[in-house]
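Scroll down for the structure; my scribbles are underneath it.
The values are calculated or read from the model by the stated rules, or taken from the named source; none is laboratory data. Since this is a predicted model, take the numbers as computed values, not measurements. Reconstructed Cβ throughout: ideal geometry from the backbone, glycine too, with neighbour counts over all protein chains shown.
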Ligand code: TZP
Ligand code: MG
């Protein structure tokens with residue numbers, strides 16, 4: 001069975017922003033504050049380091065119920081570390097091939113930031129992708145190459161296409177507690193710096209949850 005995914009508040013980790021506090025401790029605090037899904041993302045780590053980090057985060061999440069664990073890009077690491085799924089972008093291995101490697105019992109996330117990318121996503125065989133990451137909502141120093149922000153309206157319009165096809169959607173890019181309420185038309189929001197760079201990641205997660213309100217569908 002494919003793991004359940006609650007995408008309401010989805011933390012994407014950043015090892016550099018976490019600094020000396022370390023990603024696992026930030027994840028622990030963030031989940032206590034209301035994070036519902038976690039993606040281990042580290043573009044500079046070796047495969048070995050990413051594997052070790054994923055195992056450490058998995059250990060943290062073992063005591064929590066229903067917080068899905070994704071690995072960014074690395075299907076091999078996701079499988080070996082027993083993660084719930086993998087998140088890929090447009091430059092990674094093709095989604096159908098990644099699904100074949102993952103098998104039916106893991107989650108697959110895919111980024112789509114334009115009509116063309118969304119059309120390609122929706123053309124995949126049903127069951128290939130579970131959740132689409134739409135963005136950037138706003139341009140962000142965390143990922144300068146993500147480009148100009150689509151704005152909340154642009155994200156909602158793209159997300160509507162995915163939702164109509166029955167896919168979960170999360171918005172990403174420049175979201176913090178002050179901006180979260182402006183993001184609508186998605187099932188959840190992804191944040192990196194709003195939690196990983198916060199002086200108190202648990203409080204930052206709580207502030208985001210309260211800004212998002214209680215709606216399961218935004
Ligand atoms: N993909 C699109 S924007 C982004 C990613 C990984 C980074 C978002 O980071 P932040 O700090 O939440 O703006
Ligand atoms: Mg990628």
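For residues that are crowded, with 24+ Cβ neighbours inside 10 Å, assigned to a loop (DSSP other than H, G, I, E, B) and at negative phi, scanning just the range 173-199, find the one that is nearest to ligand 1 (Cβ to nearest atom). In this case the residue turns out to be 175. Does the range 31-42 contain any residue that is away from ligand 2 (no atom under 15 Å from the Cβ), assigned to a strand (DSSP E or B) and under 25 Å from residue 197 (Cα atoms)? Yes, the range 31-42 contains at least one residue that is away from ligand 2 (no atom under 15 Å from the Cβ), assigned to a strand (DSSP E or B) and under 25 Å from residue 197 (Cα atoms).
Residue under question is residue 96, and the condition is that it be at negative phi and surrounded by fewer than 17 Cβ atoms within 10 Å (Cβ to Cβ); does it hold? In short, yes. The condition of being at pLDDT 95 or above, surrounded by fewer than 24 Cβ atoms within 10 Å (Cβ to Cβ), under 12 Å from residue 191 (Cβ atoms) and in contact with a helix residue (DSSP H, G or I) (Cβ under 6 Å, 6 or more places away or on another chain) holds for only one of 9, 17, that being 17. Across the range 35-58, the qualifying residues are those that are over 17 Å from residue 82 (Cα atoms) and crowded, with 17+ Cβ neighbours inside 10 Å, and the one among them that is farthest from the chain's Cα centre (by Cα) is 45.
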